[in-house]
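None of the figures in this text is laboratory data; all of them are computed from the coordinates on show. Not measured: the values here are computed from a predicted model. With ideal geometry, Cβ positions are generated from the backbone for all residues, glycine too; neighbour counts draw on all protein chains shown.
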Amino acid sequence: MLELYQFELSQYSEKVRLILDYKGLEYRKIEVTPGVGQVELFRLTGQRQVPVLKDGSRYIVDSTEIAKYLDSQYPVRPLIPTDPKKRGLCLMMEEWADESIGIKGRKALFSAISQSQNFRKSLLPTTTPDVLKSLVEGVPNDILRVLGFGVGYSPDVIRSAIADLKQDLEALTLLLADSPYLVGDEPTLADFAVAGLSILLKFPSDPYLNLPETIRGKGVPELVDNPVYAPFFAWRDRLYAQYRKPLLTYTTTGSPSAPTSINID
């Protein structure tokens, strides 16, 4: 069986999960423990980042490379069109989504976290002790905003990211106004990249991610609460309803709705 080394809240991991579900491939999710697990992942693959797909004895790193690998090895339901123009547009949009929605989405989510104590508490792993959850929840919002400077998330950087994302969502909404998918009449890698990477802007309402019910359907207020972008999120939810399998359809070690959590043996 395929194995996906991942972080549950990694939008790039979600991009791959969505692709795997679309292709109807069975896989086991393995949650990489931050720190120790990433060191071992580096030993196996030469890099510390997720997602990493293991197929037999082969490790494939990077969500784009994983998508291309799956298309070559598991050609049912292809991701990349053969028509030259559609292929070029698909690859260009996928790269744009990775660099724009993927990177700026993290900054926008930090804004939402810094505004809501309950929101950031809910995003902690389910195995986090209650005392630590209470400690995190109790950090004043102003202090968290100051800490953002240390990771390059100053208020100006966050405002700029949200402004760019508003333009991105407006463009996507216009592109999808009279088309079911971004490139033609069939879903492609471009659709799954955009949809999967958008989870940090607004979490899906249904149980596709191992998240508390209290934050399903919630996200960055400036984006989620703006009716202009509602058609985009409605499109994404329809795509998920068509192709993404809810967590309870999987059987994993431990909980049926959670990934296997290991340090990587």
- Shape of segment 178-235, Cα gyration tensor, a/c cut at 1.5: oblate
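For the cross-link pairs Lys202/Lys245; Lys104/Lys218; Lys166/Lys245; Lys15/Lys104, which exceed 26 Å when the distance is taken from alpha carbon to alpha carbon?
Checking Cα-Cα distances, Lys166/Lys245 exceed 26 Å.
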- Highest mean first, what order results for 7-15, 50-58, 90-98 on Cβ atoms within 10 Å? 7-15, 90-98, 50-58
- Highest first, please rank the peptides 79-87, 99-107, 212-220, 66-74 by the mean number of other Cβ atoms sitting within 10 Å of their residues. 99-107, 66-74, 212-220, 79-87
- Task: Decide, for segment 163-204, between rounded, prolate and oblate: order the square roots of the alpha carbon gyration tensor eigenvalues as a ≥ b ≥ c, take rounded if a/c falls under 1.5, and otherwise choose prolate if a/b is larger than b/c, else oblate.
- Result: oblate
